[in-house]
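The values are calculated or read from the model by the stated rules, or taken from the named source; none is laboratory data. Just so it is clear, the structure is predicted and the values come from calculations on it, not from any experiment. For neighbour counting, all protein chains shown are included, and Cβ atoms are generated from backbone atoms with ideal geometry for every residue, glycine included.
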Amino acid sequence: MVRYITVKLLYMLFTLFILATATFFLMKVIPGNPFLGEKKLPTQIYNNIMEKYGFDQPLYKQYLKYMNNLIHFDLGTSMKSTHLTVNKIIHSSFSNSAKLGIAAIIVSIIAGIGLGIISALYHGKVIDHFTSILAVIGVSIPSFVIGPLLQYFLGVKLGWFHVAGLKGPLDYIMPTITLSALPIAFIARLTRSNMIEVMNAEFIKTAKSKGLAKSFIIYHHALRNAILPVVTYLGPMTANIITGSVVVEAIFGIAGLGKYFIDSVTNRDYTLIMGVTLFYAAILMIMRFCTDVAYVFVDPRIKLSGREGNA
Amino acid sequence: MSEVLAYKPVLEVRDLRVSFHVREGEVQAVRGVDFHVNPGEVLGIVGESGCGKSVTAQTLMRLIPSPPSRIKSGSVRFLGEEVLLKSEKEMQQLRGSKMGMIFQDPMTSLNPTMTVGRQITENLKKHLKMSSAAAQKRAVEMLKLVGIPGAETRIHQYPHEFSGGMRQRVMIAIALSCDPALLIADEPTTALDVTIQAQILEVLNDLRGRLNTSIILITHNLGIVAGICDRVVVMYGGQVAETGTVKEIFNHPKHPYTEGLLKSLPRLDTSKDEPLIPIHGAPPDLVNPPTGCAFTPRCPYAMKICQRLDPGLIDCGGTQAARCWLNHPKVQEAKA
Amino acid sequence: MASNTRDSLQAHSSSLEWRDDIFRPDDFEDIDVYRSPGPDLQRESISAWRDAWLRLKSNRMAMFWLTILLIIVIMSIVGPLLTPYDYYTNDLMNTNKPPSAEHWFGTDDLGRDMFERVWMGATISLRVGLFAALIDLFIGVIYGGIMGYFGGRVDEIMNRAAEILYSIPHILIIILLVVIMTPSLFTIVLALGLTGWVNMAWIVRGQIMQLKNMDYVMASRSLGASSARIIFRHLIPNTLGPILVTLMLTVPSAIFAEAFLSFLGLGVQSPAASWGTMISDARSAMTVFPWRLFFPAAFISLTMLAFNLFGDGLRDAFDPKMRK
């Protein structure tokens, strides 16, 4: 177990290292920097800035310094808002994103698994077709379409919710729906097909041959086996939610990390871009790591070894 | 097998008809099957795949999902009660307690995410209302009974920690845990290695002596039947082709299909020059079953009447009966 | 000839149902049916491809969405010819007009005809989907083919590299790449292609791993066929089904990514019209001019729905579990 976790952790750090290196050099490839804007700065000030960010140093020294800072969890200073460090920006904006993200994850898991099970149990019935259609719609309609449509109908036409902002608990509803539509659909489809497969499995027949009641069989035998693979989706789901949050925060005017990320991209604020990218990647990898470890606990078939548990 | 008990069969199946509704139409998988199982007896049901033997077995426990299947007619009397008229709730009382079943593939018939112990005890708790401790104790006993070493520790393990043969023993332990009157074994050894097959058969053979369980053994392997069964039902095309004691069937097969099965079986006591003879052709189309004898297209003795009329089961003396015109006195007269 | 093997036969027919008058004179003549072929020999052999096509054709849902897809493809070419307008000319006298006989889908804030712009958007989306899928295919098949075929150490290292790429959120890399290369259709497609092939590579790898131990590969190897020949002659033709399915499901995600970037202002630049740009532009005025939001929103949703559902149908058609 210790070995398994260690190996997974090392891979995670290695991936982050590769990503950090790649982003660093990508940023260096771009000609110019944000200070070479339309307004030309006086040479003296420009040189001071260059010195402050260490851009006058040779490349390898810049890289080493960057890496050294990273090890100390220092993501540098924003190039646009020069009084703010990237750490501060992330610190102040991430709580909004995290609240939304966690709400979306919880809603996705509960609604996705629930819908999946219902449609599997009523396989081929009206309710199954209905959820299947809902799931396909969830997969197919992009968040930047769902968001504005919700705003238009629920916000403007019906006036149920505020079109933008995150002031009260009700304000979470539209962004959460927008953010979780895709993962709900994915989880529902995954759960449904797993559940149908499991219900046709031989061991369910064995359970029936023992005279167990249907509800008992579903709860004790089928459910666990059907939900297990959903655990593996938690990693990709986090990725989806991070991607979605960028759009959702823009649509609903939420001051979260996604919004800063987009601002940093349009402003060419390189330290912020690098910092946020690494931060997102780290969250995603930690989620994946947790999923891998969790899977070992929930599935008795996976034998622990340092290598991938592709069982 | 005592004479008296033979009048009171554990299970009696009369004119059982089961169909499946698929896109191509109605597949008449079982077309009027009759047989019975006497107390303490091992009945073998033999036939090639698609002959309806598994469907029959699962119908006895009402385990085939409906739809697509439909029990069209017939009667299944088990311990004097009609199984086909029971509600799902009543069936649940019956399954696992009075009737146990083991399946073909032990690798998939156990729940991979539940300990073996729990898979045995849930049965005991449900039917015998045992406490956890008592059920646990009984589970260990059962595992010992089917020959699993280290039963005390193994009940805490998961199925993937058992070999195929050991898993089938676990299945037997589960099926027999409530001391059922009837055990239905659906191809219990087909998925196993030959040496393991022998061990599993030995377990069954050993247990039938010790418990008062009748066994229905479904197989396509006549060799297994010879080793363990008392009586045989040979099925072909959803019907009983021939029935009788093992001795009768093996010594004097009265149906060309049985004869073919026996000829295609390698034997030690025949000379090497005598070739194994395969049965040519394929099983009948059960969507449009033939009006005559279903075996006609593959039969070396086929006559004109075989295409036209189904003979029904013709009594051949002793306990033997066969669905073949050759056993009709009129035919024998003509052929003589 | 039949009777000599049946010498032991004895008549003990006590309970016969048949009366004697059912018999016809010729009933007991032998017939020669013995060698007639069974139904298995009569059935024509259907190739896997024909099989898949037949199944696809009988799947009404899949065929319906295929038709919708074809209509979208045709309209993206023909649509612009149906009106006297084009997608880029401003008409400041006719801004924000609702749908009418002149402008079927209305006009936008610069008076550009929305019908024209919607079909222009379709062209962009389809092009992005197509080219991104082709790049995926190219890199994925080669990378996955090498991984699967050689296995062992090569596979392990290449797999590790693919995993690293896979574990980074794609959209972030795409955004980075697009920012660096300046936004355009070309950079978007390139960025999509460079990041999206991992899935395809894994599919190909898995298929090849499964197939390479099969008999016919062994046979051609024992006949001295080279590795390249085995890959291209034997393995790839047999993995085409799953590849096609993956490809079909790559297209909607590429369309989504392009629209996503355009929505964020990182995509195709004005006056070119991407559905994402149109939705983004329409948002600020959606309470007053909702049609500017609805038409592009409806068409991107319809297109993605069509690709996803047709892709599902295709997968069902190729799934060997469905084969009987």
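Going through A:ILE242, A:ILE283, A:ILE251, A:ILE302 one at a time, which residue ends up being at pLDDT below 80 and within 10 Å of another protein chain (Cβ to nearest Cβ)? Step through it out loud before you land on a result.
Values: A:ILE242 fails: at pLDDT below 80; A:ILE283 fails: at pLDDT below 80; A:ILE251 fails: at pLDDT below 80.
Just a single option satisfies the conditions, and that option is A:ILE302.
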* A:TYR60 fails exactly one of the following numbered conditions: (1) at pLDDT below 80; (2) assigned to a helix (DSSP H, G or I). What is the number of that condition? -> (1)
* If B:ARG169 passes every condition in (1) at the interface with chain A (Cβ under 9 Å from one of its Cβ atoms); (2) under 19 Å from the mean Cα position of the chain (by Cα) but one, which one does it miss? -> (1)
* Structure fact -> Checked B:GLU48, B:GLU26 against criteria (at pLDDT below 90 and within 19 Å of B:ILE184 (Cα to Cα)); the one match is B:GLU48
* Structure fact -> For the stretch B:190-202, pairs from a residue that is more than 21 Å from B:GLY47 (Cα to Cα) to a residue that is of a type in the set (Val, Ile, Thr), with Cβ under 8 Å and 6 or more apart or across chains, are B:ILE196/B:THR189
* Pull up the stretch A:40-74, narrow it to residues that are over 33 Å from the mean Cα position of the chain (by Cα) and among the aliphatic types (A, V, I, L, M), then point me to the one that is surrounded by the fewest Cβ atoms within 10 Å (Cβ to Cβ). => A:ILE45
* Taking the stated definitions as given, is B:ARG169 in contact with a Gly (Cβ under 7 Å, 6 or more places away or on another chain), in a helix (DSSP H, G or I) and basic (Lys, Arg)? -> yes
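Tell me the residue from C:ALA285, C:ALA225, C:ALA298 that is modelled with pLDDT of 75 or more and either outside any helix (DSSP H, G or I) or of a type in the set (Ser, Thr, Tyr) (or both), please.
On the way: C:ALA225 fails: modelled with pLDDT of 75 or more; C:ALA298 fails: either outside any helix (DSSP H, G or I) or of a type in the set (Ser, Thr, Tyr) (or both).
Within the list C:ALA285, C:ALA225, C:ALA298, the selection yields C:ALA285.
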* Identify, by number, the condition in (1) part of a helix (DSSP H, G or I); (2) within 11 Å of chain A (Cβ to nearest Cβ); (3) modelled with pLDDT under 90 that B:THR195 doesn't meet. => (2)
* Scanning for something touching a residue at least 60 places away in the same chain (Cβ under 8 Å) and closer than 22 Å to B:VAL116 by Cα, does the stretch B:205-221 turn up at least one residue? -> yes
* **Residue, nearest to the chain's Cα centre (by Cα), within the stretch B:100-109, restricted to residues that are surrounded by fewer than 24 Cβ atoms within 10 Å (Cβ to Cβ) and within 7 Å of chain A (Cβ to nearest Cβ)** => B:ASP105
* **Residue in the stretch A:127-140 that is in a helix (DSSP H, G or I), of a type in the set (Phe, Trp, Tyr) and surrounded by 22 or more Cβ atoms within 10 Å (Cβ to Cβ) present** => no
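Could you tell me which residue of the stretch B:119-135 is nearest to B:VAL170 (Cα to Cα), considering only residues that are more than 9 Å from chain A (Cβ to nearest Cβ) and surrounded by 19 or more Cβ atoms within 10 Å (Cβ to Cβ)?
B:ILE120
Residue by residue, here is whether (1) surrounded by fewer than 16 Cβ atoms within 10 Å (Cβ to Cβ); (2) assigned to a loop (DSSP other than H, G, I, E, B); (3) among the hydroxyl-bearing types (Ser, Thr, Tyr); (4) in contact with a Phe, Trp or Tyr (Cβ under 7 Å, 6 or more places away or on another chain) holds:
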site: C:ILE68; (1), (2), (3), (4): no, no, no, no
site: C:ILE72; (1), (2), (3), (4): no, no, no, no
site: C:GLY79; (1), (2), (3), (4): no, no, no, yes
site: C:PRO84; (1), (2), (3), (4): yes, yes, no, no
site: C:PHE105; (1), (2), (3), (4): no, yes, no, yes
* Any chance the stretch B:66-83 includes a residue that's of a type in the set (Gly, Ala, Ser), at negative phi and facing chain A (nearest Cβ under 10 Å)? -> no
* Structure fact -> Residue hits (the stretch A:254-267; over 22 Å from C:SER167 (Cα atoms) and either at the interface with chain C (Cβ under 10 Å from one of its Cβ atoms) or in contact with a helix residue (DSSP H, G or I) (Cβ under 7 Å, 6 or more places away or on another chain) (or both)) are A:ILE254, A:ALA255, A:GLY256, A:LYS259, A:TYR260, A:SER264, A:THR266
* To do: Return the pairs, sorted by first residue and then second, in which the second residue is of a type in the set (S, T, N, Q) and surrounded by 13 or more Cβ atoms within 10 Å (Cβ to Cβ), the first residue lies in the stretch C:60-89 and is over 19 Å from C:TRP275 (Cα atoms), the beta carbons are less than 9 Å apart, and the residues are 6+ apart or on different chains.
  => C:TRP65/C:ASN308
* Asked: Tell me, which helices (runs of 4 or more DSSP H) wholly within the stretch B:226-336 include 1 or more residues that are more than 11 Å from chain C (Cβ to nearest Cβ), among the aliphatic types (A, V, I, L, M) and within 26 Å of the chain's Cα centre (by Cα)?
  -> B:246-251, B:256-263
* To do: Looking only at the stretch A:185-202, decide whether some residue is more than 14 Å from chain B (Cβ to nearest Cβ), of a type in the set (Val, Ile, Thr) and either assigned to a helix (DSSP H, G or I) or in contact (Cβ under 8 Å) with a residue 24 or more places away in the chain (or both).
  => yes
* Asked: Somewhere in the stretch B:232-251, is a residue crowded, with 21+ Cβ neighbours inside 10 Å, farther than 25 Å from B:PRO311 by Cα and in contact with a Lys or Arg (Cβ under 9 Å, 6 or more places away or on another chain)?
  -> no
* To do: Can you confirm whether the stretch C:268-287 contains a residue that is within 11 Å of another protein chain (Cβ to nearest Cβ), buried (at least 21 other Cβ atoms within 10 Å of the Cβ), under 13 Å from A:VAL139 (Cα atoms) and in contact with a Leu (Cβ under 7 Å, 6 or more places away or on another chain)?
  => no
* Candidates C:VAL73, C:VAL78 - the one that is closer than 30 Å to C:VAL128 by Cβ, over 20 Å from the mean Cα position of the chain (by Cα) and modelled with pLDDT of 80 or more -> C:VAL78
* To do: Determine, yes or no, whether A:LEU84 is buried (at least 18 other Cβ atoms within 10 Å of the Cβ) and not basic (Lys, Arg).
  => no
* Inside the stretch B:24-63, can you point out the residues that are within 14 Å of chain A (Cβ to nearest Cβ) and at negative phi? -> B:SER54, B:VAL55, B:ALA57, B:GLN58, B:THR59, B:LEU60, B:MET61, B:LEU63
* To do: State all residues of the stretch A:234-249 that are farther than 18 Å from C:LEU177 by Cβ and touching a helix residue (DSSP H, G or I) at 6+ places or on another chain (Cβ under 6 Å); if no residue qualifies, say none.
  => A:LEU234, A:GLY235, A:MET237, A:THR238, A:ASN240, A:ILE241, A:GLY244, A:SER245, A:VAL247, A:VAL248, A:GLU249
